[in-house]
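Structure first, then comments.
Values quoted throughout were computed directly from the atomic coordinates according to the rules given, and no laboratory measurement underlies them. Quick caveat: nothing in here was measured; it's all calculated off a predicted structure. Cβ: placed from backbone, ideal geometry, glycine included. Neighbour counts: every protein chain shown.
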Amino acid sequence: MIENYRTGRGKVKYGYTKVKDIARYCIKALENSCFVPFDDVLEWFKWSKRAVNKGYITRRSRGKERYDIEAMLDLTKGHMPEEAFRQIAERKGYEVKLDRELYGGTRDTDEGQDVLKFSDDDEGLKEPRLKVQIKDVQWFCLVPENEFEGSRSADIYVGFKTHWRKSDLGQKLFRHFDSEGEVFGEFEPLQGIRVENRGWAYPDDFDYLPSGQTHKGQSFQNDNYYVYWENLRDFDDFPFQDLLLE
């Protein structure tokens, strides 16, 4: 028995669980996950590098200035959920083109649409009928108020958890650029990133969370809308057909 083990849907009562339950959870977690191959991770890293070097993305985060490489890795991580969504859609017979454009500012943006083109292979890729935003979700699917109520507001929000260990991910990634293995040889090369499907939500599923209010042990500086990850809708019920133009 393992103390304080967490299942995929909250705490186990009394703080303990059995080995068979751990095995069941691990199988469920893997079945509910996508594996983003290194080649796709690298493509997003190249995109992030261009975005940072050309000044499209701020280096500031939570009031602090980030190193260039920190900003690049954070951006790369942020795009892993989009790759996971594309994989899931393809499994279900749909084709997705993600938005990889660079935007110069908040007024020159994708307007919150992460799915640039969508198709069920009948008539080719077209703009989706609904706006989809794909989020990196740990405990909350959290959307800032100015985004939730502004021009970037979406019709559907999708949440994924990216299993990205900052302690060694950067070194594993750069191990691939070091052909001699002299600098980062103590790390195994990065093979890919596991991204776990959390679920999805309509705007009506969200609750309002004002700045300064503590919820689930966390306090936020800005006004937000949120859905706790346990309350997200099951991805088996995702309305892919609704994305197709009528």
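With K and R counted +1 and D and E -1, the other residues having a Cβ less than 10 Å from that of residue 223 yield a net charge of -2.
When the C-alpha to C-alpha distance is required to be over 29 Å, the pairs from 64/161; 77/97; 64/131; 54/131; 49/92; 54/92 that qualify are 64/131; 49/92; 54/92. The length gained on full extension between residue 29 and residue 56, counted as 0.36 nm times the residue separation minus their Cα-Cα distance, comes to 6.2 nm.
Peptides 29-35, 85-91 ranked from most to least packed give 85-91, 29-35, packing being the mean of other C-beta atoms within 10 angstrom over each peptide's residues. Across region 18-49, no residue has a backbone nitrogen under 14 Å from the label position 7 Å along the beta-carbon direction of residue 121. Under a 5 Å amide H cut-off, with hydrogens placed 1.01 Å from N, residue 225 pairs with 143, 145, 209 among residues at least 5 apart or on other chains. The length gained on full extension between residue 70 and residue 139, counted as 0.36 nm times the residue separation minus their Cα-Cα distance, comes to 22.6 nm.
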